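Enquirer: Sending over a structure as structure tokens; questions will come in a sec.
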Amino acid sequence: MEQVLSPVTTELLTYSVTEMSVNVILAICIGFWLAFIYQHTHKGLSYSQSFTQTLVFVTLIVAIVMMVIGGSLARAFALVGAMSIIRFRTVLKDTKDLSYVFAALCLGMAAGTSNYFLAGIGTFFLSVLIFVLKATNFGSVYKSEFILRFRFNQNGDSSAFLSAIKDFCRRSNLLHIEPSGDGNSLMQTYDIALRDDVAHSSLIERLSGLPDVSEVVLIASKNDVDY
């Protein structure tokens, strides 16, 4: 009986050494650039150095994975089975961080499959979009600069501290009032933005000098609290 045997290829990778080197270098550059953008545009209290470095790792690893898979469907399924063993349990504190992970995946795929133009144009437009959104502060109503907290005697005159806040701040918003256990004082919290020619120490000195105000605390929240 005549048997038809398909030729067995021993070639594991379809990329040349030069092409693999270019893909790896490009993926590393893209990873560092994404990490740089993330580091300089991140807002809030959830910044993580580990996550920043992970962006570089993910971009390079995905590029290598795409070169390993090449055009082999069998290798793709084998890789999916191997990767299913890994469990990613890290919880992202900022929902925007997820977009950076997807960017690292997609751009790493583009670099790993030698789609240099797509990797370059995608990185360029993504970078422009990130900086435009940061520059325009898109999506926020206003930005808090300081959180002011102080204790006020309920038997005192509230017009004194209200006048001080009005004189030193271009904008103020009452966030929270917490009564004391004895009912004699109130802990008040304001979101404020100081006037351009006013130092924060002047506001603290003015409020601390009022007879009915105590425990004055000014917390710098610029670039951390968005509304």
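Where a number appears in this text, it was derived from the coordinates with a stated rule and is not lab data. Source: prediction; values computed, not measured. Counting neighbours? That spans all protein chains shown, and the Cβs are built from the backbone with ideal geometry, glycine included.
Enquirer: According to a simple spin-label model (label point 7 Å from Cα along Cα-to-Cβ), what is the distance in nm between Leu98 and Ala220?
Expert: Result: 3.3 nm between the two label points.
Enquirer: Continuing with this model, one more query. Using Cα pairs under 8 angstrom and six or more residues apart, how large is the relative contact order of the stretch 146-220, in percent?
Expert: For the stretch 146-220, the relative contact order is 46 percent.
Enquirer: A follow-up question, please. What share of Cα pairs, in percent, lie more than 19 angstrom apart in the stretch 146-220?
Expert: Cα-Cα pairs of the stretch 146-220 separated by over 19 Å account for 26 percent.
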